[in-house]
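Below is one structure, written out as structure tokens; the observations come after it.
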Amino acid sequence: SANKEEIRIKNDVEGKESLPEDLNQTEIFARQLFSAASLAGQQGGLSVESMDAFSKSFGQAISDSKIEDPFSLVDLKLAAVTPVDYQTELGKAFDPYLEAGISPFDVIYRFSAGDTSVGPDIDKLSSIYSGISNALIGIKTPHNAAGIQLSLVNTTAKLSVAFINIKHLEEDPILAVVGFYQYQQYSTELEQTLGLLGNYFTSNGII
């Protein structure tokens, strides 16, 4: 999982479970691999079962990267506000992203290729998405746009977390890979939600 919760690691050498000493995701898998390799040395070879268990454990960490929604409908400010006023406030919330002029895709590509000079841009993008989410939660929203608004609020908040995880590329590569996956997932969700938002305004005569 992407969250740094307590994870029990099976110690194959001693045949017992133990808690990690504040290990990151990469260190946990390194320890698991070392235990599997040590056991294989004692038994004369690495078994198919142990390799399969390790592969599944690694795959689970990458795929089980869902971030829980930080907000629910009760957190929104639903009100009798016109779509025009709603659109105006939305524009203000997204202004920091437009003004920054930073391409998330370009930054991620360069950072993953070893260009650490874009590290500050990753921090800025995380801050921007967090700021957008906080601004969105305070916007008066028409009742018939509640679902779209909630998706905007939660997706931008989760993109902020994804960039925080990506920043750990050097000291915790597995967590960073999870962050890359999260960015892909939630940026796609944001794009889809913005498409729904465009349809909402079009249906209300706003182009």
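Values as computed for the structure displayed
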item	result
Per residue value of the accessible surface for region 70-207 (all protein chains in place, 1.4 Å probe), Å²	50
Ellipsoid equivalent to region 63-207 - semi-axes via the Cα gyration tensor, in Å	30, 15, 12
Whole-percent carbon and sulfur share, accessible surface of region 117-207, 1.4 Å	56
Cα-based radius of gyration of region 137-188 once divided by 2.2 N^0.38 Å, which approximates compact folds	1.42
Separation between Cα centres of region 89-116 and region 125-158, rounded to whole Å	17
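The values are calculated or read from the model by the stated rules, or taken from the named source; none is laboratory data. None of the values given here were measured: they were computed from a predicted structure. With ligands, DNA and RNA removed, areas are computed over all heavy atoms of the protein, side chains included. Shrake-Rupley method; radii C 1.70, N 1.55, O 1.52, S 1.80 Å.
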